[in-house]
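The structure appears right after this line, and notes come after that.
Bear in mind that the values in this text are calculations on the coordinates, not laboratory data. From a predicted model like this one, the values you see are computed outputs, not experimental measurements. Please note: Cβ atoms are built from the backbone with ideal geometry, for glycine as well, and neighbour counts cover all protein chains shown.
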Amino acid sequence: MKKFLSILLIISMTALFAIPAIAAPDGESYGDVKKVNDGDIKLDAIRDEPAWENAVVIQVNRLSPTSPNTDRTGAAGTAYVLWSDKGLYVFGEITDPTPTHTPLDEKLDKANWNWNTDSMEIFIDMGNTGESSNIQHNKVDIDGLGYIYIADGGEQFIGTDEVKPYMEYAGRQDGNTYYLEVLIHVPGTSYNAGDKIGIQLQINDMTVPDMTDAADRVVILSTNSADADSWEVDRHNYIVLSAEDANPPPPPPPAEESAAGGGEAADVEIAPAAAAAAAPAVRTGDMSMTFIFIAAFALAGMLTSKKSFAKIQ
């Protein structure tokens, strides 16, 4: 009996300390992203759908440690994130004190350094693999022109027709603020509740419309406790897709008058099945307490067994 209780104690303590390690996330999460139905969001660069009020919010205000220019503050922005079965919705609001417009023909030339334009980039790592080869690099600039770069193969796509298999988007500018709204697809990939997606956002801020003047650019990144740079994919933060609906619930119907016409709402009995369903689910912390009780029981058993054995001697 004493040997059995000793083994039980060892197993209980091992399981107890193993639980936090299993529950701990890899890196840091921006939060659980709520879901919308396909068609809930109109891509028009206007954040007017109610679901956006329940989006995960990511600030883009950290100067890149390798920014070519650190002499000026640069632009800053905020991104909002939702998802649907089709892909990832991102709404960006970028405040740029020096809005700069590069000629379209230069931006359409794939030989030019297209990152040297006022724009927001969205690095997507499906599955949060931490591998740079897994990145789909999405971007929309201040003039509402979309870009895609596929790291695995080094393919580049510019403009609505080329970009459509990877991203649908809209953009607009209002004074010193420009807005972009995108739906990001990763071809051949499904989106499911519980999925982790590595994500990094980057703002490029120029003051001259010269795509060869790399020294003019200021690079601003999304907040990250690891201070990860743009292509340090293994250090990027991530989001988790949630099954929770982002749309606010409809208002409750007005209370019906009682059959007697007294105007009072009828009493509602809670069925036993409904009451049982309302019981809270077991969480990791609850399981930890269970193991603590098991460990305590085993320890008490060992002490009792030891005392009884001493009396027999």
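Cross-link pairs exceeding 25 Å in C-alpha to C-alpha distance, out of Lys34/Lys110; Lys35/Lys139; Lys42/Lys164; Lys86/Lys107, comprise Lys34/Lys110; Lys86/Lys107.
Rounded, prolate or oblate: which fits region 93-199 when a ≥ b ≥ c are the square roots of the eigenvalues of the alpha-carbon gyration tensor, with rounded for a/c under 1.5 and prolate only if a/b beats b/c?
Details: a/c = 2.03, a/b = 1.52, b/c = 1.33.
The shape class here is prolate.
Using the Karplus relation 6.51 cos²θ - 1.76 cosθ + 1.60 with θ = phi - 60°, the per-residue 3J(HN,Hα) values for region 35-49 come to 9, 10, 7, 4, x, 5, 10, 9, 7, 9, 6, 10, 8, 10, 7 Hz, with x marking Gly and Pro.
So for Asp32, Asp118, Asp38, Asp205, fewest C-beta neighbours within 10 Å to most, what's the order?
Numbers: Asp32 14, Asp118 24, Asp38 10, Asp205 27.
Lowest count first: Asp38, Asp32, Asp118, Asp205.
Maximal additional length on extending the His101-Arg47 stretch stands at 17.1 nm, based on 0.36 nm per residue less the C-alpha distance. Scanning residues 5 or more positions from Val56 or on other chains, those with amide H under 5 Å from its amide H are Lys34, Val81, with H placed 1.01 Å from N in the peptide plane. When Glu93, Glu28 are arranged by Cβ crowding within 10 Å, least crowded first, meaning fewest neighbours, the order is Glu28, Glu93. A simple spin-label model places pseudo-atoms 7 Å from Cα toward Cβ; at Thr212 and Arg235 they are separated by 3.3 nm. Let a ≥ b ≥ c be the square roots of the eigenvalues of the Cα gyration tensor of region 36-245; is it rounded (a/c under 1.5), or, if not, prolate (a/b larger than b/c) or oblate? It comes out rounded by the Cα gyration axes.
Distance between the C-alpha centres of region 193-253 and region 94-170: 13 Å, rounded to the whole angstrom.
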